[in-house]
There are 4 protein chains.
Amino acid sequence: MLEELKKAVYEANMLLPKYNLVTFTWGNVSQIDRETGYFAIKPSGVDYDKLTPDDMVIMDLEGNKIEGRYNPSSDTPTHLELYRAFPKIGGVVHTHSPWATSWAQAGRGIPCYGTTHADYMYGEIPCVRCLTKEEIDTAYEKNTGLLIVDYFKDKDYEAVPAVLCKNHGPFTWGKDGHEAVHNAVVLEEVAKMAARCEMINPQVKPAPQELQDKHYYRKHGANAYYGQK
Amino acid sequence: MLEELKKAVYEANMLLPKYNLVTFTWGNVSQIDRETGYFAIKPSGVDYDKLTPDDMVIMDLEGNKIEGRYNPSSDTPTHLELYRAFPKIGGVVHTHSPWATSWAQAGRGIPCYGTTHADYMYGEIPCVRCLTKEEIDTAYEKNTGLLIVDYFKDKDYEAVPAVLCKNHGPFTWGKDGHEAVHNAVVLEEVAKMAARCEMINPQVKPAPQELQDKHYYRKHGANAYYGQK
Amino acid sequence: MLEELKKAVYEANMLLPKYNLVTFTWGNVSQIDRETGYFAIKPSGVDYDKLTPDDMVIMDLEGNKIEGRYNPSSDTPTHLELYRAFPKIGGVVHTHSPWATSWAQAGRGIPCYGTTHADYMYGEIPCVRCLTKEEIDTAYEKNTGLLIVDYFKDKDYEAVPAVLCKNHGPFTWGKDGHEAVHNAVVLEEVAKMAARCEMINPQVKPAPQELQDKHYYRKHGANAYYGQK
Amino acid sequence: MLEELKKAVYEANMLLPKYNLVTFTWGNVSQIDRETGYFAIKPSGVDYDKLTPDDMVIMDLEGNKIEGRYNPSSDTPTHLELYRAFPKIGGVVHTHSPWATSWAQAGRGIPCYGTTHADYMYGEIPCVRCLTKEEIDTAYEKNTGLLIVDYFKDKDYEAVPAVLCKNHGPFTWGKDGHEAVHNAVVLEEVAKMAARCEMINPQVKPAPQELQDKHYYRKHGANAYYGQK
């Protein structure tokens, strides 16, 4: 079972360079097995072209390393808090993908300007504040997770499977690592087109609510009809 | 005959990833056989790297599925309305190609700033309005087609083989699926260069009419002399 | 001898897709043999991936086709006027490369903002005006050449081997087709960086004259010391 | 020993085209052996796809050529001054990578807008002034090095391993040629995201100091915990 999990997480990690979402080691994917509560994650600072399935690190939800010769990603405590607070997710991704990171650096959420965005994410993709000095000094990566969790406490984290951390970069999630990477690709495309559309029309407004609803619910929920049943 | 049509539509669809016009499954090509009134179209939500000619779905102009194991693209009713109203076209393309989609999100038509544009498309590439809530709720994809058709009712759809749907993305057409893809590539290049030229000179004006005429008619109509007759 | 010329021109043409300077057939390279006065040029509208050395068309400086099964590029009369007026050039290139074309559409010459530009081109790369309706209607491509020639009549065409035609795109030249393509690549890089540097600093000024001189003369003329003598 | 140095420098040079940091021959890497005081550097103006380890030129810190059939890079005197003044560096890179060069042409240092920057470089990446006419005319490349050295005389050149030369382009350094190239890649990514984030939010401010500190010291110094110890 752990072998399968490591293989799935390895393959999801290898999609990051495939979709041009990472430079060097600037990204990581994890996936959880909800029965055991174990999750696998990329080791810290290991090059993508040297990575093997066996290099993945197995962690539990208390932050203990269960298996693996390497240190887990330094962002592991953030992944862990998301798994704890969002019971329906099975995978988490962090990258420094350039367009999403540019919005994070700009300190702005990404408005929903069109159906590409609405097909996957319902409404604005939020940008959460920087941590305070105290939050940074005590437990930076864990507090990053808690801040995201706090933002979503009265919101639907399944309908908006992405967040920007101010001056840092994006996290995305999904039902498994593969879907979380899929959402990271969508986020990067949406971030690129939103920046360009503001350049083309500085007075642009978000797409009408009824169009956002149509596209989101064409793909999600009981009445979805996109794809093969 | 249907085999040939499916093969042609498959090949035209595979040009979309080749020319970097699609991410994931965000695009589709169809082509019609005017004798039978049947058209072939990409199945909904199937990955490009798994697609085969046999996966194409055959439809008639009443919207009935004639052949195929999959559901057709969810945009099928839009393609259908274009085939009904534009008797001289044989192929239709829809994508979310990033530059054209950025203009669509910005809600602006693309002015003709140069000869690259004028070589293929005569005058501004229009951006049609969003559908109303009622139009969306009754028959979204069909009404998208009807809106495009209405816009062109007193215009030459052969001279401007492309349209942007506000907050959504582009549709292009041509004498077959291959030419419709060709026009989708042109549109993306033209959209990119128009955005950049406004960045370089915010006061830029469209190209002089006589230059637009020269380039369009150098390639189209009785006096064309570009290419090998 | 003609075989060699055709081969050289074929190879120079194939550099255009290699360096991402062309979409479809939007570009052409020619090269002249000054002894016979014959030049070879790409045929009009033939795809780059079907091109062979034997498809090149041989022309003389009166505009007569000497050899070749195809029509020459529709831009042939422009190339011809440049060869006539600029005795020291041996190759000419026309493309619609996106950044250079964006400047041409914007109607602006490219200021010399740095040493990348100064290493190859001395001072601003000019943008010549649109042709008048009469100039277009009589002999569009020939008049495009004459307009460029007129602009350079009191300038050094070797020191600035590139020009932008307003609302159209760039022409570059060099001692042969290969060098003309090299200059087309430089132009595209310089056009890209100039647009971005104006975005980063809208008040940017051209590089100091002494720095432009240093870099240009480090690579050109009697005191050049760049490269392997 | 020289063979090993030449091989290392050759391999570091070949990373420049791999990471899309150079067009043609617009870049060079060197690496020094501190015991002998010899450094190897790319020859001037030789194409990357023709380069071999044996083409590298060996120099001493007085500027004498020790070995090699070619002339060294014309930027050799700049590398030399950096090696003399910065005893802890082992490799130097110069490129005209497009985003970093656009900032250099704009005459602006790159503010630290986020953690991608802070992970590698501590604070703003400076842009040093143009040389005066006299500095250019006497010893341009050597004076470029001296200007950089002067800027860093009261700063930590290890914490900011990059500089922009106004109207010219970037230099980066590191413990060897490979790390210097790594820093050149980081610089280009950081330059790209900083430009885009100013486009998305023209009022953007640098990242809070405590966040910059956290990320820099997570990877550097006694308390670093990123990676595999």
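Among A:K192, A:K205, A:K214, which is the only one that is within 9 Å of chain B (Cβ to nearest Cβ), assigned to a helix (DSSP H, G or I) and more than 24 Å from A:Y19 (Cβ to Cβ)?
A:K214
So, of the residues in the stretch D:105-133 that are farther than 26 Å from A:S97 by Cα and within 9 Å of chain C (Cβ to nearest Cβ), which turns out to be farthest from the chain's Cα centre (by Cα)?
Only one residue fits best here, namely D:K133.
Just checking, how many residues over the stretch C:36-83 are touching a residue at least 60 places away in the same chain (Cβ under 8 Å) and of a type outside the set (A, V, I, L, M)?
8
Could you list, in sequence order, all residues of the stretch A:85-107 that are out of contact with any Gly (no Cβ under 8 Å at 6 or more places or on another chain) and either at pLDDT below 95 or not hydrophobic (A, V, I, L, M, F, W, C) (or both)?
A:P87, A:K88, A:P98, A:S102, A:G107
Evaluate the stretch B:25-33: report whether one residue or more is within 11 Å of chain A (Cβ to nearest Cβ), of a type in the set (A, V, I, L, M, F, W, C), buried (at least 17 other Cβ atoms within 10 Å of the Cβ) and under 18 Å from the mean Cα position of the chain (by Cα).
yes
Only one of (1) in contact (Cβ under 8 Å) with a residue 12 or more places away in the chain; (2) within 17 Å of B:A100 (Cβ to Cβ); (3) in contact with a strand residue (DSSP E or B) (Cβ under 7 Å, 6 or more places away or on another chain) is not met by B:G177, so which one is it?
(2)
Which ones in the stretch B:1-24 are over 17 Å from the mean Cα position of the chain (by Cα) and touching a residue at least 40 places away in the same chain (Cβ under 8 Å)?
If the condition is that a residue be over 17 Å from the mean Cα position of the chain (by Cα) and touching a residue at least 40 places away in the same chain (Cβ under 8 Å), then B:L2, B:E3, B:L5, B:K6, B:K7 are the ones that fit.
Is one or more of the residues making up the stretch C:136-143 polar (S, T, N, Q), within 25 Å of C:N13 (Cα to Cα), away from chain D (no Cβ under 14 Å) and in contact (Cβ under 8 Å) with a residue 24 or more places away in the chain?
No, the stretch C:136-143 contains no residue that is polar (S, T, N, Q), within 25 Å of C:N13 (Cα to Cα), away from chain D (no Cβ under 14 Å) and in contact (Cβ under 8 Å) with a residue 24 or more places away in the chain.
With the condition being out of contact with any strand residue (DSSP E or B) (no Cβ under 9 Å at 6 or more places or on another chain) and under 17 Å from B:F171 (Cβ atoms), I'd like the helices (runs of 4 or more DSSP H) fully within the stretch B:24-143 carrying at least 2 qualifying residues.
B:76-85, B:98-106
Just one of (1) more than 9 Å from chain D (Cβ to nearest Cβ); (2) touching a residue at least 40 places away in the same chain (Cβ under 8 Å) trips up C:N223, so point out which.
Here C:N223 clears every test but (2).
Out of (1) under 30 Å from A:S44 (Cβ atoms); (2) touching a Gly at 6+ places or on another chain (Cβ under 6 Å), what's the single condition that is false for D:T115?
Condition (2) is where D:T115 drops out.
Considering each of D:G227, D:G169, D:G174 in turn, give the residue that is out of contact with any Ser or Thr (no Cβ under 9 Å at 6 or more places or on another chain) and of a type outside the set (A, V, I, L, M, F, W, C).
Only one candidate passes the filter, namely D:G174.
Anything in the stretch C:34-50 that is more than 13 Å from chain B (Cβ to nearest Cβ) and not small (G, A, S)? List them, or say none.
The answer is C:R34, C:E35, C:T36, C:Y38, C:F39, C:I41, C:Y48.
Can you tell me which residues in the stretch B:166-189 are surrounded by fewer than 24 Cβ atoms within 10 Å (Cβ to Cβ) and more than 14 Å from chain C (Cβ to nearest Cβ)?
Those that are surrounded by fewer than 24 Cβ atoms within 10 Å (Cβ to Cβ) and more than 14 Å from chain C (Cβ to nearest Cβ): B:K166, B:K175, B:D176.
Please enumerate the residues belonging to the stretch D:58-91 that are within 30 Å of C:P111 (Cα to Cα), away from chain C (no Cβ under 12 Å) and not polar (S, T, N, Q).
D:H79
For the stretch B:193-212, what are the residues that are in contact (Cβ under 8 Å) with a residue 24 or more places away in the chain and within 25 Å of C:S44 (Cα to Cα)?
Result: B:M193, B:A207, B:L211, B:Q212.
So B:A162 passes all but one of these: (1) within 14 Å of chain C (Cβ to nearest Cβ); (2) crowded, with 20+ Cβ neighbours inside 10 Å. Which condition number does it fail?
(1)
What number goes with the only condition from (1) assigned to a loop (DSSP other than H, G, I, E, B); (2) among the aromatic types (F, W, Y); (3) surrounded by 24 or more Cβ atoms within 10 Å (Cβ to Cβ); (4) under 16 Å from the mean Cα position of the chain (by Cα) that B:Y157 does not pass?
Every condition holds for B:Y157 apart from (3).
The values are calculated or read from the model by the stated rules, or taken from the named source; none is laboratory data. Since the structure is predicted, the reported quantities are computational estimates derived from the model, not experimental observations. In this analysis, Cβ positions are derived from the backbone assuming ideal geometry, glycine residues included, and neighbour counts consider all displayed protein chains.
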